[in-house]
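Note sheet for the following structure.
Where a number appears in this text, it was derived from the coordinates with a stated rule and is not lab data. Because the structure is predicted, anything quoted here is derived from the model rather than measured. Positions of Cβ are backbone-derived with ideal geometry, glycine not excepted, and every protein chain shown enters the neighbour counts.
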Amino acid sequence: MNFDFFGLFHLEGLWAFLAYSIVALIIAFPLIVILLENRNPIKSLSWIMVLVLIPILGIILYLYFGRNLRKEKIFTMKEISDAKSSRLLMDTHGVEIDDISSFGSELVKSKKHLMQLLFNNSSANLTQNNRVQILNNGVETFDAILYHLDQAIHHIHLEYYIIEDDEIGNKVKDLLIKKANEGVKVRVIYDDVGSWGLGDRYLNPLRDAGIEFYSFMPVRTYRFANKINYRNHRKIIVIDGAVGFVGGLNIADRYLKGRGGNGFWRDTHLKLEGDAVLSLQVIFLTDWYFMSTQMLNGKEFFPDCKIDAGHLVQITTSGPDSDWSSIMQTFFSAIATARQCVYISTPYFLPNEGIVVALRTASLSGVDVKIILPEKNDSFLTNWS
């Protein structure tokens, strides 16, 4: 009897039986792993269906994109560093969430549960001595970034998902080199996949100026499978531990000139001054330790804050190295407990089932729910959703 072996080739008799048995054993291992991981049931069922229906291709896809590395050794060093850095910050800065009743605003008091959630799921300190400026587009953002980079005295820490070798990317590069030549210590982390096109033409001048940089979890052919799906999407700048930037803009001309017929890319960024900058510093130094094994925790990285604007800020992180999906949990809680309005502006809208239920429930409860999405999107998957 002839057997069509998954449409690839034909086998007969004993050889077919042996081949099917080997494939079944190979499939059994990832199936057991998926079940033991106790991940989202929908994701688990999806991977099980892929492995059963298209075994050979399914195994390849699982190895590349399906493995849950949250608890594997690749993040052990980072988790240890998280604990050390977070403890350093918590011991020296921040305010007690229980003291929120003294802040005056009833609206602020009504959101105490969100502050407590962020502290419990990601050790996010509540900071009060801050000044926050909203930067509404690329022009405002890059003007502010370039200005404050030029004012740096001691150090510049820059961590980005995408750094392009384009006009704005080279302005940032030239300014970093200038500050390094003036004696400012410059450290850079960029994501290896997001900044795939960043080559020697861009990086060699940084190296020659004494700037230290690392690509986050480099993807190479022989180690591709366990890294492609774990990327660093952070967009952080910390200058002298006193001024910080965080938000949605990468370092790329698309936020100034557009790209690919999609027109102007508008995104939002924040400029921070005060204790919240030290939270950004913790995140950067944690990732720096993960990449370099250098533990940087001197007083020069955590200066005393003299900002009295009184803006409350918590900085949280989430990723495969986190015990909880802290950002998703906070979005869910904020939407579910909203009483008047929920306004969302996002370039990519792919909510999980919990967020969808929370939005629908809020709307049915009389909460004003509005969502702004781009008419054109650079992601074909998002366009199809």
Could you give me the percent of Cα pairs per 10 Å distance bin for region 260-363, shortest bin first, beginning at zero and ending with the bin that holds the maximum distance? 11, 28, 32, 23, 6
On full extension of the chain, what length is gained from SER365 through VAL132, given 0.36 nm per residue of separation minus the C-alpha to C-alpha distance? 80.7 nm
Kindly state, to the nearest 0.05, the FRET efficiency for LEU31 paired with ASP304, given R0 = 56 Å and r defined as their beta-carbon distance. 0.55
Only residues of region 342-364 count here: report those whose backbone N is under 14 Å from the spot 7 Å along Cα→Cβ of ASN377, or say none. 345-352
Across region 269-285, in residue order, what do the Karplus-derived ³J(HN,Hα) couplings come to in whole Hz, using 6.51 cos²θ - 1.76 cosθ + 1.60 with θ = phi - 60° and x for Gly and Pro? 10, 10, 9, 10, 9, x, 4, 4, 4, 5, 5, 4, 4, 4, 4, 5, 5
Beyond a 24 Å Cα-Cα separation, which of these cross-linked pairs lie in this structure: LYS171/LYS257; LYS111/LYS299; LYS43/LYS376; LYS235/LYS257; LYS171/LYS376? LYS111/LYS299; LYS43/LYS376; LYS171/LYS376
Distance in nm between GLN294 and LYS111 label points, each 7 Å along Cα→Cβ, equals 3.6 nm
The answer for the net charge of residues other than LEU149 whose Cβ lies under 10 angstrom from its Cβ, with Lys and Arg +1 and Asp and Glu -1, is +2
